[in-house]
There are 4 protein chains.
Amino acid sequence: MRIDLNSDLGEGFGPWTMGDDAAMLSLVSSANVACGFHAGDPQIMRATIAMAAARGVAVGAHPGYHDLSGFGRRPVAGLTLREIENLVAYQIGAFAAICALEGQPMRHVKTHGALGNACAVDDDLADAIARAIRAAAPDAAFMTMPGAATDRAADRAGLRQIREIYADRTYGEDFNLSPRSQPGAVIHDPAHALTRAMEMVAEGRIRSVGGKDLRVPIDSICVHGDTPAAVTMTRMLREGLEAAGWQVAPPHAGNG
Amino acid sequence: MRIDLNSDLGEGFGPWTMGDDAAMLSLVSSANVACGFHAGDPQIMRATIAMAAARGVAVGAHPGYHDLSGFGRRPVAGLTLREIENLVAYQIGAFAAICALEGQPMRHVKTHGALGNACAVDDDLADAIARAIRAAAPDAAFMTMPGAATDRAADRAGLRQIREIYADRTYGEDFNLSPRSQPGAVIHDPAHALTRAMEMVAEGRIRSVGGKDLRVPIDSICVHGDTPAAVTMTRMLREGLEAAGWQVAPPHAGNG
Amino acid sequence: MRIDLNSDLGEGFGPWTMGDDAAMLSLVSSANVACGFHAGDPQIMRATIAMAAARGVAVGAHPGYHDLSGFGRRPVAGLTLREIENLVAYQIGAFAAICALEGQPMRHVKTHGALGNACAVDDDLADAIARAIRAAAPDAAFMTMPGAATDRAADRAGLRQIREIYADRTYGEDFNLSPRSQPGAVIHDPAHALTRAMEMVAEGRIRSVGGKDLRVPIDSICVHGDTPAAVTMTRMLREGLEAAGWQVAPPHAGNG
Amino acid sequence: MRIDLNSDLGEGFGPWTMGDDAAMLSLVSSANVACGFHAGDPQIMRATIAMAAARGVAVGAHPGYHDLSGFGRRPVAGLTLREIENLVAYQIGAFAAICALEGQPMRHVKTHGALGNACAVDDDLADAIARAIRAAAPDAAFMTMPGAATDRAADRAGLRQIREIYADRTYGEDFNLSPRSQPGAVIHDPAHALTRAMEMVAEGRIRSVGGKDLRVPIDSICVHGDTPAAVTMTRMLREGLEAAGWQVAPPHAGNG
């Protein structure tokens, strides 16, 4: 009866902030921390790691494309697999070093934005990312979506996985997220999202919009914190999970 | 009778190259590789590490200020010691991860340009850099100038050192390099530079322009490769050292 | 009985925002718009210009050092005067072109942050900036602080000036702003700031903390909008000015 | 009997150089100068403009995607037409301001790399670029490829054109350049390239590999200078043109 809540944090840059990291760090158990390519910088990385450590929140690297002005959300064409390896390893290594300054372990790696979208559906790309993790952070888990290319790549590379679901999104027949443009793809009602998430976690399955089931152990629920409404939904989700007897904790934590 | 030759390499960026890295890698035994902040990028870092490994050349991180357009040569004011720690750790960690992709160890850390100048004369700054190395690469040596603040900081931090001299520069009474603006500060005659370097290394001392001596074991000679003339001078230095019975090899190498 | 209120706006970058530009644009009559080097990007520049135009607010370029992560607030050493000319002209020209896309004139140029501090006290630097304005935007006014190096440089270059004061800051004996570190240097009481500003504008003089007077026509009052409190103070200032019979309008506007 | 030779110049960045600009500026009559987004910086822009002016070479802006590490050669997806307008106008305006510092007129605009490839085949994109030129530099010519989307966009926008051909490339049936991957697409024999170019210019037609002709007045020949071989080919082209009685001069120049 234990489940992880993860969120993308440390997404400011220089003088700019994004979201309410302090509020989110009191709600989640894992933080995916931007590594300076799409957001984040060495100072923000360190401050986020320190804040997370003070609250017992696990930290992981959140590498993205090198694209500050587009926040890593624009597809980048024409990178070779070797360039992807280098891009990801560079950011993981940088993050690990900042973790070391705070005496904290890097627990996981999750890809961001357009890079995350691309590697969910491209096995070669997912393998390149898994190779980067194997080389640069062999003890870290690869946070993946069940059924995605990253899930398979983690298995091929022998990496430990943290399998995550989205509480506020529906799934297509291939168990990818339904596109946001599709009516009903985003669930705005917190109570509904909570019920869905608890069912998926308790039953260990993801159900597509067409009613197909994927049986899978679920380790983590991804939540957003970039708006006040998102923070509120996360708070309701955490309180609902705890009221139902779930313990919110990082995946690596010992049994409480 | 063994001595290291080190040079700053991998100093291109994106489509741009600088110096003749292939020529230099056949002459030196240690390469200080730019880490992406003043020069270098993940692809160039990896290619440089791979080329060095193929020639038995040791690689180390060469962190600098975040200043591509000024090549890290402009003084940067107003950074806190904590920001310096983060700046250096980030680059070291990134470099270590790219090394890991090539299965190569990171052997040392040397600071670049204006950061290198600043930490040679500022003990607090040198300590901040030593802390970053301790945290992010405790097995790497800190490449320092004998008598400089970095020399003392390495000792305080318990870091292994690679003590380097410059063959083509004279030393002031405080054993810092004489400023380039001073007449005679740069030695342009390769034969003279060779004689000087061999004397300093053989006798284990650095002599100031005023005739003062600093007794110190010398591990490495820094050479430049950014012009054809610099490559030629390095070739003469290596050949002269070998003709005099010296073995050019990285400091960590076993006795041949 | 007309006075301009100016504020630094368009200071976001990519996905990040700063301050409440919409609120400020309903209060000020001139906007100093960041040009992409310390903040701002082509999209934000255009959106800010369009929003300003819709409210009758005049726009000017707000060039700074090339330093996104430090927001242009860190001193940059070692730039030649020619490099300063190029830095400033580049940003002014870019801003003028984005203005042209919106069919709006660029009314003025004001320097940002550490560049602004440096050119207030360095006549050569101020002259370099004036040359950039002369070349790149000869019809624009140079927004200056009375008695500063920029004031003299504008006169030497034959540039029209917008002379500004700060309502919430005190002045030293050289009529530069008292350093923020000095007790009382920043006036936090809106009523006091309003009284001060109205006196300075009405009487055409700046009074130092020691009681010395500088007689000078004052064209504009600089206000800040980066915090909710700053917006509130600006609102009180505007309402106070209007209640006292002042018309808040850009300096170039015809007599109402 | 007059023809322009144009080449991409000023493609260094910070400490890095690319190609032999001095050699090329003694051979061409128009320089397309990088504007800081894919290459170039304010100092390099100014130095290139000054060198060109000293040799009577016309200068134009050469805007590209914001991508230093990829040199503007990677396709960038997801930019809106408004973002394209802003991207191009920003660079044109910046270039015009640096020209103004040197007292030189900006004669033309040519798009670079992946942006150039994209707008050659996309009418909406080409119109966005034409709008940016109309707004930011209405007196400048748009350098286009005959038959391309840019050719049509320039006409729709009422912009003066400089129609260019490539001496060393063959043309497909749609009069776009044959892809480099296609055998024979690049002509390596200087004598052959010279003959082809002179025929196209003299006869005012472009012939496809399949033998189809496009009748068009040709204003300029694009040449490359990024390798010693490219400089040599340009020299042969210029000497061949002059030997055949052609005057190499910018398109705007009066009749000699």
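The values are calculated or read from the model by the stated rules, or taken from the named source; none is laboratory data. All values reported here derive from a predicted model rather than from experimental measurement. Cβ: placed from backbone, ideal geometry, glycine included. Neighbour counts: every protein chain shown. Ligands, DNA and RNA are excluded from the accessible area calculation, which covers all protein heavy atoms including side chains. Shrake-Rupley method; radii C 1.70, N 1.55, O 1.52, S 1.80 Å.
Summary table below
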quantity	calculated
Rounded if a/c under 1.5, otherwise prolate or oblate - chain B, Cα gyration tensor axes	rounded
Straight-distance crosslink candidates among lysines, where the alpha carbon sits under 30 Å from D:LYS212 and sequence neighbours closer than 8 are dropped	D:LYS110
Cβ neighbours within 10 Å from other chains - mean over B:94-106	6
D:ILE162 long-range amide H proximity, modeled H, under 5 Å	D:PHE142, D:MET143, D:THR144
Solvent-accessible area buried by pairing B with A, both sides, nearest 100 square angstrom, 1.4 angstrom probe	2000
Charge dipole magnitude, Cβ of K and R +1, D and E -1 - the protein assembly as shown, Cα centre, debye nearest 20	0
Candidates per trypsin sites (Lys or Arg not before Pro) in region A:147-256, loop by DSSP, up to 12 other Cβ within 10 Å	A:ARG180
Chain D Cβ-axis minimum, rotational copy A, residue and distance in Å	D:ALA77, 3
Centroid-to-centroid separation of region B:1-48 and region D:3-70 [C-alpha atoms, Å]	27
Rounded, prolate or oblate (a/c below 1.5 giving rounded, otherwise prolate when a/b exceeds b/c) for region C:169-250 by Cα gyration tensor	oblate
Antiparallel bridge percentage (DSSP; both residues within the protein assembly as shown; nearest 5)	20
Where the protein assembly as shown is the region considered: accessible area per residue in Å², 1.4 Å probe	37
Shape call, the protein assembly as shown: gyration tensor on alpha carbons, a/c limit 1.5	rounded
Candidates A:GLN43, A:GLN182, A:GLN104: whichever shows maximal mean-square fluctuation once chain A is modelled as a Gaussian network with Cα springs under 10 Å	A:GLN182
Cβ-vector label at 7 Å, A:GLY158, separations to other copies in nm	3.3, 7.1, 7.8
Percent accessible area from carbon and sulfur atoms, region B:42-121, protein chains only, probe 1.4 Å	53
Assigned charges on the beta-carbon of Lys, Arg, Asp, Glu; chain A dipole about Cα centre (debye)	240
Region D:139-238: antiparallel DSSP beta bridges as a percent of all, rounded to 5	40
Region A:1-80: trypsin sites (Lys or Arg not before Pro) in DSSP loop, at most 16 other beta carbons within 10 Å	A:ARG55
Positive-end extreme of charge dipole, region C:2-248 - chosen from C:HIS188, C:GLY72, C:ALA97 (charges on Cβ)	C:ALA97
Cα centroid separation, region D:75-117 to region A:125-194 (Å)	40
Distances in nm from B:MET236 to the matching label points in the other copies, shortest first (labels 7 Å along Cα to Cβ)	3.9, 7.4, 7.9
Test item: B:79-90 mean partner chain Cβ contacts at 10 Å	5
Positive dipole terminus of region B:133-256, leading residue within B:ALA137, B:PHE175, B:GLN247 (C-beta point charges)	B:ALA137
Region C:1-67, dipole about Cα centre (Lys/Arg Cβ +1, Asp/Glu Cβ -1), debye to the nearest 20	280
For region C:1-48, residues shielded by at least 50 square angstrom of accessible area compared with the chain on its own, probe 1.4 Å	C:PHE13, C:PRO15, C:TRP16, C:PRO42, C:GLN43, C:ARG46
Candidates C:PRO183, C:PRO146, C:PRO15, ranked by Gaussian network fluctuation over chain C, Cα under 10 Å, top entry	C:PRO15
Other copies of D:PRO105: label-to-label distances in nm, shortest first, labels 7 Å along the beta-carbon direction	2.4, 6.7, 7.0
Number of partner chain Cβ atoms within 10 Å, mean per residue of C:132-142	2
Fraction of antiparallel bridges per DSSP, region C:2-248 only, in percent to nearest 5	20
C:SER181 versus A:ALA229: modelled label distance in nm, points set 7 Å from Cα along the beta carbon direction	4.7
Per-residue SASA entry for C:ASP139, accessible area with 1.4 Å probe, Å² rounded to 10	130
